């Protein structure tokens, strides 16, 4: 723990620019400090992430991590109470001074070793040992002399007088990088030598908290909720045109598996199969090419339940996250706020609203509409976002960035301007809106001096989305300049009442907003034929600090309705006959959710990238930096799988 | 639970031939009966596999399985205590009689419903409902009239008087098969409609016990042992000539991932990365073509530990299995017996010895050698297996089967014969061995009248293996004829001191017996150059009732030794540079194990095949019977991954 604290201090000094604000979230580190303090008093500091304090089973991991090993204690264990004990420690040579003072490190902490003045053999040996060499020592715990105690170190009251010093595995000199926070390497090098990178306290913590949180999720689901952990296949049927699916050639010529994008179909079959409460921490695959913060394989907590409804699933997830939420964060509220998709778009211009700050969208459609020359489409909308004086900084870089970003929304007119006075604003935008409209707008949004106004009008959805993007990008910019705008902490909310369909360029003009199996809201089923785009679904997203971390739905259980939806989407029903058959064979009403654990953990640990909560991530391009995969395969090996590489002509 | 018991009774009547003896293991079903009885008294019968009775957390799954759902109780919940309560039940229409008596089933049991005489609407509805229709009822719990109570049913004291009867999802008529044990379908049909098959109590039990056991393993490892659950990638680097590896083509022309056969390399990197106690329930892939009881993807419990040794790993696994072992089986011994590879071959002719019966191999090499005309090789060996009168049945079918099987061992002479008297045996085999040798042999093996003798001599290893196979095949034959030979129960043992290398036809003449990273026994390192085939390794196998269910080793941590082993095996070191680098960067001594969970669960549940403990298994040929995968993929989709199917000319 001491090491994590040290890490924090160093990071603040050395890496203020490399990490986004969330990485330096003071609450998180405050949490670490608090843990440290709490645990100093109980003398089990290293186990803060391992031990469940409510666990009444009597297990004591701090002793058990030494079981089955050749050490008696970890390098984080020893305290004044241990003085006089003979101990065996194993670990990495972290540091040595004068061939006499040694700092030994393991995953649990550091301990100072003292080599006797007379032990010239060990002193000589030490001289020749590179740092990071693996060492075992046997020795006696001594109290450090007064004045030599290190209060900032949990083992700082003691040192181990070395009686036997054994080199278990010598390291080479000149490792690709040192295990020192202040010399931290670039990410590419860290990933190439991930086994070195994992020795850093931050990576240790990320992986250990991940393991702990997943275990608590399991405990909640299995021991409390009676859920059944079922492993479903990852080698599945290829979807025709399934562009994001990895293919797996087989020994059957011309025939392929695909790697599943999610266990969706299997979990629905489990419901029909009376495994009425299913979960799985499932590996899923999606080939999205080179996209930031995506991995070709990722992990989701996949849940499905029979005889439930939307409220049942949401309550389950609220209780599940409440139970498994790390202790170093503020506890979650019992219920997460719900926002309709309509309101999310209307107020935040996003289906992943960041509710950590206000400066919401203001709908000024009716006012702008007064100038009917501007109304160029049926679904016209106009939205403003206003930032007052204390947050007004429309410098060139951000202005250009926003202007550039607005090009993704060609159906709207985008205005961004600094307002000196409301009057000046009216005159400035009168050219666009006409003077009466400009004046009315200015009154409507209650403008004050020296504020910033963003305005978009035209296609309603694009206007909302553009304002949503501007709202977030502008705040990101200000926060990079050390202006604090967002509330601290973890803000979870549900987005509900999402549309069942989205417009698409396929012949039928529709695609699923969530997925093929999502149930429509019963109240809107009558609109399926007449106004499909107005049909709300029973799907929902879980949003954490402005990012979707999960999504689910109540599924269609009526085979006739499912067929109708397939028809509406132009799906070849023969490829989905097994689903229709399954729904026709006695299938309970059911629904579920999938939580993206990589993204959730990344948010929780405040890391810059999901790669920091994954032990062996692939690069941006999908390469394994350790082994170099993907790599060429001989023609002979390809032949075994009845394929031949083709090389596109450039 | 009642259903499982009923199932047993039916199976005994109807399927004596389809299932091997282990399927009908009386102890297992005795276990079920005992559980039933024990739990009748506590009124929580359905939770025997879900509730940990040592769990002091106060959770009560029997209530919680209804949480988040639209039922108040499961169909297994209701007892006399509930009489008078208004309840809501959901489930499958299992049975109905006279449109008045209904049996409703869910995953937890069955409950009888009574439709009121006056409720002609529901009676009429019932008339039209196919079995397996999904129903919700609201009603009041009544005591069944005396004489109508069903003592063999856990809910047999009560019935629910229906007040509201809702069809949630109608089933179609004529399902591919009925959910009735006595009409059980063939496996191919069961797998094609797996969601129907999963409704059978036996499959419910298999999957639920699997989930429960895996959870207990996790609890032991995380909460007691301080292990960290780390997910490692499945998309990895292809091994040159890695014939059993599935390939995954990528968007990089000519470049492929492979699907990992095990997380071996990653877990060793975790050790170098100070995740000193790692585990994962890992999905692994191996393409073994069509082989019985193999699956292209399978699950292993993968464990690795730093600063440990062989004894440490074995103790860990003994305690882990002891903790997670299902309650319906006899508890495991604290320690599992250890057998050296040498003794396993010498006594059982197998590295997976079935110790549930004696009739061990008898080494008669020295006697047969007396006739030096028979000694046709350096590594000559002669072994006998003898079965006494009460197990003597060398009928034509088994004799031919054994004779056929012996052809796999061309370097040995195989003799099988029924012995009338020892004297007659001597005269019979004198032609082969000469009279004095035959007489000496007969005395040595202490032959009695009317026994069966199997004898093999020639190449020692082949003689051992042949006798090992004969020993098991012969006992299998007798047990099929209802002769009980094997001891009941689960017999675990370790095979240790296995050789590091095996002879191979590659240029260097050696291959790894376990894998590339296995450490040699320190006592034998001096033999590496001079007598590599005599070097014992620090690997070990876990054997359960004659089948390997796990294996592991202490790994090489010294980079020089690892390079030497690569050299001896003729491995291209450039493809393994990341391993050498890792070992040279401060890597602790470490070791671990992988347990094959599909096979372990199959043994524990006594199923005929591993497919019965897997929710959605693939067929013998590796096909997904539900979706039909693998399946053709369009040229366009192939092009995206820079491959083209080739079709071998027939």
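Segment A:329-355 and segment A:386-436 have their alpha-carbon centroids 27 Å apart. If the chain between residue A:291 and residue A:117 were fully stretched, how many nm would it gain, using 0.36 nm times the residue separation less the Cα-Cα distance? Here the answer is 56.9 nm. With the simple model of a label 7 Å out from the Cα in the direction of the Cβ, residue A:560 to residue B:358 spans 7.2 nm. Put the Cα centre of segment B:245-275 next to the Cα centre of segment A:246-268 and the gap is 19 Å.
Determine, for B:197, B:293, the number of other Cβ atoms within 10 Å of each Cβ, and report the residues in order from fewest to most. All intermediate terms of the calculation are to be shown ahead of the outcome.
Details: B:197 22, B:293 13.
Ranking B:197, B:293 by Cβ neighbours within 10 Å, fewest first, gives B:293, B:197.
Hey, any idea what Rg/Rh is for segment B:407-479, computing Rh the Kirkwood way over Cα pairs?
Values: Rg = 12.7 Å, Rh = 13.0 Å.
We get a ratio of 0.98 for segment B:407-479.
Shape of the protein assembly as shown from its Cα gyration tensor (a ≥ b ≥ c, root eigenvalues): rounded if a/c is under 1.5, otherwise prolate when a/b > b/c, or oblate? In terms of gyration-tensor shape, oblate.
Projecting label points 7 angstrom from Cα along Cα→Cβ for residue A:434 and residue A:461 puts them 3.0 nm apart.
Fully extending the segment from residue B:79 to residue B:138, taken as 0.36 nm per residue of separation minus the present Cα-Cα distance, adds 19.6 nm. Using the Cβ-Cβ distance between residue B:511 and residue B:427 with R0 set to 45 Å, the FRET efficiency from 1/(1 + (r/R0)^6) comes to roughly 0.50.
With each pseudo-label sitting 7 Å past Cα toward Cβ, what's the residue B:444-residue A:151 distance in nm, one decimal? Once both label points are built, they end up 8.1 nm from each other.
Against the main long axis of the alpha-carbon atoms of chain B, helix B:435-444 sits at an angle near 50°. Give me the angle, in degrees from 0 to 90, between the Cα long axis of helix B:2-14 and the longest principal axis of the Cα atoms of chain B, rounded to the nearest 10. Roughly 60 degrees between the two axes.
Would you compute, from DSSP H runs of 4+ residues alone, the mean residue ellipticity of the protein assembly as shown at 222 nm, taking -39500 (n - 2.57) per run and dividing by the full residue count, rounded to the nearest 500?
-8500 deg cm²/dmol
Across the identical copies, the 7 Å label point of residue B:146, projected outward along Cα→Cβ, sits 8.7 nm from its counterparts, in ascending order. Counting, for every residue in B:617-624, the Cβ atoms of other protein chains within 10 Å of its Cβ and taking the mean gives 3.
Under the rule a/c < 1.5 gives rounded, and otherwise a/b versus b/c splits prolate from oblate, where does segment B:440-517 land using the Cα gyration tensor? Don't skip to the end; give the middle numbers.
On the way: a/c = 2.67, a/b = 1.58, b/c = 1.69.
Oblate shape, in that a/c is at least 1.5 and b/c is the bigger or equal ratio.
The simple Förster model, with R0 at 41 Å and r as the Cβ-Cβ distance, assigns residue B:407 and residue B:189 a FRET efficiency of 0.70. For chain B, the longest principal axis of the alpha carbon atoms and the long axis of helix B:422-433 meet at an angle near 60°. Based on the Cβ-Cβ distance from residue B:395 to residue B:372, what FRET efficiency comes out when R0 is 30 Å, to the nearest 0.05? Efficiency, from the Cβ-Cβ distance: 0.25. Counting every other Cβ atom within 10 Å of each residue's Cβ, A:73, A:578, A:515 order from fewest to most as A:515, A:578, A:73. Please state the shape class of segment B:53-165: rounded when a/c is under 1.5, otherwise prolate if a/b exceeds b/c and oblate if not, all from the C-alpha gyration tensor. Prolate. A straight line joining the Cα centroids of segment A:472-530 and segment B:514-538 runs 61 Å. As a proxy for reagent exposure, ranking B:479, B:159, B:288 by other Cβ atoms within 10 Å from fewest up yields B:288, B:479, B:159.
Laboratory data are not the source of any read-out in this text; all were calculated from the coordinates shown. Small disclaimer: the values here were computed from a predicted structure and weren't measured. Virtual Cβ from ideal backbone geometry, glycine too; neighbours counted across all protein chains shown.
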